[in-house]
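Enquirer: Input: one structure, supplied below.
The values are calculated or read from the model by the stated rules, or taken from the named source; none is laboratory data. Please read all numbers here as calculations on a predicted model, not as lab measurements. All Cβ positions, glycine included, derive from the backbone under ideal geometry; neighbour counts span all protein chains shown. These accessible areas exclude ligands, DNA and RNA; they are computed on the full protein's heavy atoms, side chains included. Shrake-Rupley method; radii C 1.70, N 1.55, O 1.52, S 1.80 Å.
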Amino acid sequence: AELGERGIRIHRSHWVALAPVRRVQPSANGWVCELSDGRRLPVSRRRLGEVRRVLGTGFVRAPG
């Protein structure tokens, strides 16, 4: 709550800042969030609705 709308919890184990999020997409094991440093973090089924609401499905941000 203190961080406001600068980020989102995508999984029980992962909170991410929105700025470095480059892509959210389906994968073989569910959905993943790809960050600007190349890390791919899982999006839990429980959090997917909020991620879709905030970022949309098929979210892609151009590099730069």
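Enquirer: Filter segment 8-24 for residues that are surrounded by 15 or more Cβ atoms within 10 Å (Cβ to Cβ) and either hydrophobic (A, V, I, L, M, F, W, C) or modelled with pLDDT under 90 (or both) and give the result.
Expert: Ile8, Ile10, Val16, Val21, Val24, listed by residue number.
Enquirer: Give segment 1-56 a look and list any residue that's outside any loop (DSSP other than H, G, I, E, B) and small (Gly, Ala, Ser), or say none.
Expert: Gly4, Gly7, Ala17, Ser27, Gly30, Gly49
Enquirer: Can you tell me which residue in segment 28-64 is least open to solvent (accessible area, probe 1.4 Å), limited to those that are at pLDDT 90 or above and hydroxyl-bearing (Ser, Thr, Tyr)?
Expert: Ser44
Enquirer: Name the pairs: first residue in segment 3-23 and farther than 14 Å from Leu41 by Cα, second residue open to solvent by less than 50 Å² (accessible area, probe 1.4 Å) and of a type in the set (Lys, Arg), Cβ to Cβ under 9 Å, at least 6 apart or on different chains?
Expert: none
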